[in-house]
Amino acid sequence: MSSVRPAKYEGEGTSFLAQSLAADASSQLLLPGLVADDTEEWVLMEEDTASEPESGAFTHITVLRAEVANALVPSDADATVRVFVDATLGGGGHAEAILQASPTARVIGFDRDEVARDSAKTRLKAFGDRLTIVPAPFSKMREELTRLGIDKVDGVCADLGVSSPQLDEADRGMSFRREGPIDMRMDRSSGETALDLIARLSDDELANVIFQYGEERRSRRIARSLKRAESAGELVTTLDLRRAIVRAVGPVRVGGVDPATRTFQALRIAVNDELGELEALLAALPEVLAKNGTAAIITFHSLEDRLVKHAFKNNASFTPMTKKPVVPTDDEQAENARSRSAKLRVAAFELEEEEE
């Protein structure tokens with residue numbers, strides 16, 4: 001990644017999210033989640049300490065599995081071949097649900113995580129050539145579909161954010177629960193790590209990343225602490241990173257959330273350009289969806305949800321199918337604590353007929 005996205009938030013022609021963040025970037029006193037009048041309170045991907053994963057296993061509980069499949073695949077599905085994109089293939093749970101819902105469905109699955117792709121390939125082996133796995137980020141969806149000879153698809157789903165296996169694997173450095181390198185990359189074959197990012201940015205640039213992507217009002221103190229630790233050679237592992245954050249803000253949990261949570265999430269979002277990826281996905285939807293096609297997107301925090309909500313609301317070709325986002329049932333939340341932050345928004349794409 002050659003630059004940090006907050007640097008492009010000045011000037012005209014920026015996205016809705018960029019404009020709303022830029023309006024408040026100068027103030028470090030705003031409470032988390034209050035960067036726009038119509039935004040929901042910030043929701044974090046929680047660190048679940050209830051269970052430990054098996055070493056090297058890609059064990060992931062699919063969130064809102066049935067709801068996504070029901071939104072994309074018509075209940076009266078006939079023998080017509082329908083093509084769907086699972087933009088975040090992961091362990092293959094949503095793709096599996098779609099393929100099971102219709103015997104003629106075909107799924108194009110995108111994922112930049114090699115471990116996830118291998119897991120999905122094994123899990124979905126029985127579906128044969130009805131599944132095509134693409135080793136690319138979903139921002140490349142349009143060009144990859146063109147390469148496959150596919151012009152339009154009948155539906156697109158995306159389960160955003162970090163998966164449980166990525167959060168649980170110490171070597172990825174996405175969690176402060178396990179000691180590992182300060183990496184945080186979803187694709188570990190390219191790009192700079194979170195430690196590289198911290199070293200490269202100035203105090204102010206790092207503070208902006210933490211504030212804008214983590215909505216952390218103590219971002220300046222945290223940034224100074226991280227830069228001091230990095231300069232002193234004291235920032236090597238994820239536990240070092242957490243210690244540097246705690247030195248800046250104290251060990252007190254706010255509402256049960258660890259004080260390092262927002263900073264870890266902000267760094268991960270910046271390293272993987274997650275909001276830029278999402279903006280590219282949303283921009284491509286009108287280009288790849290067939291008439292009456294459906295988009296179903298699951299978000300896990302307010303920055304993502306805000307982008308999806310406004311993309312569906314502000315494009316006249318989209319008709320939101322959910323007045324409010326669909327959330328997991330009480331039973332699903334009890335089974336999978338990390339599903340508590342999930343929100344599903346669904347919209348139908350109704351391409352206007354060209355005038356003769």
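Rule-based calculations on the coordinates, nothing more; no lab input. Predicted model only: the values in this text are computed from it and were never measured. Don't worry about glycine lacking a Cβ; one is built from the backbone with ideal geometry, like all the others, and counts go over all protein chains shown.
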Give me K323, K121 sorted ascending by neighbouring Cβ count inside 10 Å, so fewest comes first. K323, K121
Can you grab the distance from the C-alpha centre of region 230-278 to the C-alpha centre of region 169-195, Å, no decimals? 12
At V257 and K291, where each label point lies 7 Å from the Cα along Cα→Cβ, what is the point-to-point distance in nanometres? 4.5
Given region 171-272 reduced to its alpha-carbon atoms as identical point scatterers, what log10 I(q)/I(0) does the Debye formula return at q = 0.21 Å⁻¹? -1.05
If you plug each phi of region 285-298 into the Karplus form 6.51 cos²θ - 1.76 cosθ + 1.60 with θ = phi - 60°, what whole-Hz ³J(HN,Hα) values come out, in order, with x for Gly and Pro? 3, x, 7, 10, 7, 6, 4, 6, x, 10, 10, 10, 10, 9
In region 102-194, if the dipole is taken from +1 on Lys/Arg beta carbons and -1 on Asp/Glu beta carbons about the Cα centre, which of S119, M141, V153 is farthest to the positive end? V153
